Amino acid sequence: MEEQEKEQNNIDQDGVKEQAEYTPPVQPDFLRETIKQKPVNKKKLLRRTLITVAMAVVFGLVASFTFLVLEPVISNRLYPEEEAEEVRFPEETETEEMKPEDMLIEEDIEPTVEIVQVGLEDEQIEELLSQVQFGLSDYQLLYEEMARQARKASRSVVTVTSVVSDVDWFNDIYENEASASGIIVANNGKSLLILVSAGNLNDADSIIVTFYDQTKINAELVQKDVDTELAILSVPLMDIEEETMDVISIATLGSSNNNNLVGTPVMALGSPMGTSGSVCYGVVTSAGAVVDQVDSAYKMITTDIYGSRNATGVLFNMDGMVIGIIDNIDTSNDMGNLLTAYGITELKKTIEKMSNDRARAYLGIHGVDMPREAGVELGTLEGAYVKGIEMDSPAMAAGIQNGDVIIRANETTITSYSRLLDVLYDSNPEDTMEFVLMRQGREMNATVTLGTR
């Protein structure tokens, strides 16, 4: 038994050895398996990529177009926006000057003058005059009242700052700022409209308006007048806080008719000394000079106020009403630094046009009221006398010449140059006008298609 067990163990050990030493037979080459990656079809991949990109671009364009078209409609439905109201200033009633012949008293009218004699002795007169005294305190009270009026009027004055970005030699970005003083002239229901000198607004990257309470808000340029270099800016009402609206005010435009203006006291607010917030007092010295500009008859107001050559701002009367917009560009050399201003009466229609963003009709003439001497020679005492024609203007194209007198425009009788300007202000570019002219005593017709500048 033991021998059998030993033999069995030997057999098992030999089997283990044989198992351990067993090596599988070598596979033939034709039965070997190798996994190869599928080759990339570059053309097909590129085609699919281009199709995907194109579809993405088309989808983006469709989405953008749909948003641009539907967004205003949806916004207007959800938040209906009020249209801007048209800006209109009340027309002034012209106060005609009394002619010398009107001062004559007719023979059949005898004026009754009642002379009342006051029996006062010289001693009594001297006693009454001695009771009238004007001391230093009265003088101080006078200026305090003027300062109070100036503070009240300043609520409608703003500072406009134009910002221009540029690059220096070292490729560093820097900003240039220039400022001017303006005036709030209207509220059209959507924005506050501001009148300001446009000289510093050229090529501005941004325009900032600083109100009376030092609040700064971005503004946009509405329109600029090429003759006066004045501009209208708009500040959206939604950007103005209620606290600011409570302290600012819209200016009241007065009258600059020269009948009773000369000699009246005025105050210059804004930047009359070249710095924002300065105030000056003085009197009007003249108000009848007319600036020779095309299709206009702006009158200049001169004062005895010594200011800056770069002054900007507003001229107020002592009632706080605007009578002029300060502009020292056209000041003659012999006037030095005395402040001058455009009269507000002649500016009102221009301000209306700019505030409503309407282009002015362009005729292209320089004119004056009919001179009496020329009227006798030409056979008419009324009309608009043409003293100059702009090159390549609609007036020149229609054959209007220097020395012509315009007596009718369409169905309107022209009695003066200012009446012709009223007709032009009420017209639009591309309108056709039929003019009746007087030339060397003969009546002529001219058809003009108005243009734009």
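The values are calculated or read from the model by the stated rules, or taken from the named source; none is laboratory data. Not measured: the values here are computed from a predicted model. Virtual Cβ from ideal backbone geometry, glycine too; neighbours counted across all protein chains shown. To get the accessible areas, we keep the full protein, side chains included, count just its heavy atoms, and leave off ligands, DNA and RNA. Shrake-Rupley method; radii C 1.70, N 1.55, O 1.52, S 1.80 Å.
According to the square roots a ≥ b ≥ c of the eigenvalues of the Cα gyration tensor, what is the shape class of region 337-450, taking rounded for a/c under 1.5, prolate for a/b larger than b/c otherwise, and oblate for the remainder?
oblate
Size of the dipole of region 220-302 about the Cα centre, Lys and Arg at +1 and Asp and Glu at -1 on the beta carbon, nothing else charged, in debye to 20? Walk me through the intermediate numbers first.
On the way: 2 positive and 11 negative charges, 118 e Å.
The calculation lands at about 560 debye.
For a quick protection proxy, order the peptides 383-394, 294-305 by their average other-Cβ count within 10 Å, most packed first.
Descending packing order for the listed peptides: 294-305, 383-394.
Could you list the residues of region 255-271 with an amide nitrogen less than 19 Å from a label point located 7 Å from the Cα of Glu92 in the Cα-to-C-beta direction?
Flagged as within label range: 255-269.
Hey, what does the equivalent ellipsoid look like for region 230-270, semi-axes from the Cα gyration tensor as sqrt of 5 times each eigenvalue, largest first, whole Å?
Working from the Cα gyration tensor, I get semi-axes of 31, 13, 9 Å.
Sketch the reach of a paramagnetic label on Ala84 as a point 7 Å from Cα along Cα-to-Cβ, and name the residues of region 189-227 whose backbone nitrogen lies under 15 Å away.
Answer for region 189-227: 189-196, 219-225.
If you average 1/r across every pair of different Cα atoms in region 170-316 and take the reciprocal, what Kirkwood value do you get, in Å?
Working: mean 1/r = 0.0587 Å⁻¹.
Computed over region 170-316, the radius equals 17.0 Å.
Here are some pairs, Lys299/Lys349; Lys190/Lys299; Lys353/Lys387; which of them have Cα atoms lying more than 23 Å apart in this structure?
As for pairs spanning more than 23 Å Cα to Cα, those are Lys190/Lys299; Lys353/Lys387.
At 1.4 Å probe size, put Lys43, Lys224 in order of accessible surface, largest to smallest.
Lys43, Lys224
Sorted by average packing, counted as other Cβ atoms within 10 angstrom per residue and highest first, what order do 208-221, 133-146 take?
208-221, 133-146
In Å², what does the accessible area per residue of region 121-237 work out to with a 1.4 Å probe?
Working: 6930 Å² over 117 residues.
Counting only protein heavy atoms, the per-residue value for region 121-237 is 59 Å².
Sort Met267, Met55, Met238 by heavy-atom solvent-accessible area, probe 1.4 angstrom, most to least.
The ordering from most to least exposed comes out as Met238, Met55, Met267.
Simple spin-label model, 7 Å along Cα-to-Cβ: Val69 to Gln401 in nm?
5.9
State the extension gain, in nm to one decimal, for the chain segment bounded by Thr275 and Ser137, taking 0.36 nm per residue of separation less the distance between their alpha-carbons.
46.7 nm
So if we plug the beta-carbon distance of Asp304 and Ile250 into 1/(1 + (r/R0)^6) with R0 = 25 Å, what FRET efficiency do we get, rounded to 0.05?
With R0 = 25 Å, the Cβ-Cβ based efficiency is 0.30.
How long is the gain from Met146 to Glu243 if the chain were fully straight, where each residue apart is worth 0.36 nm and the alpha carbon distance is subtracted?
32.3 nm
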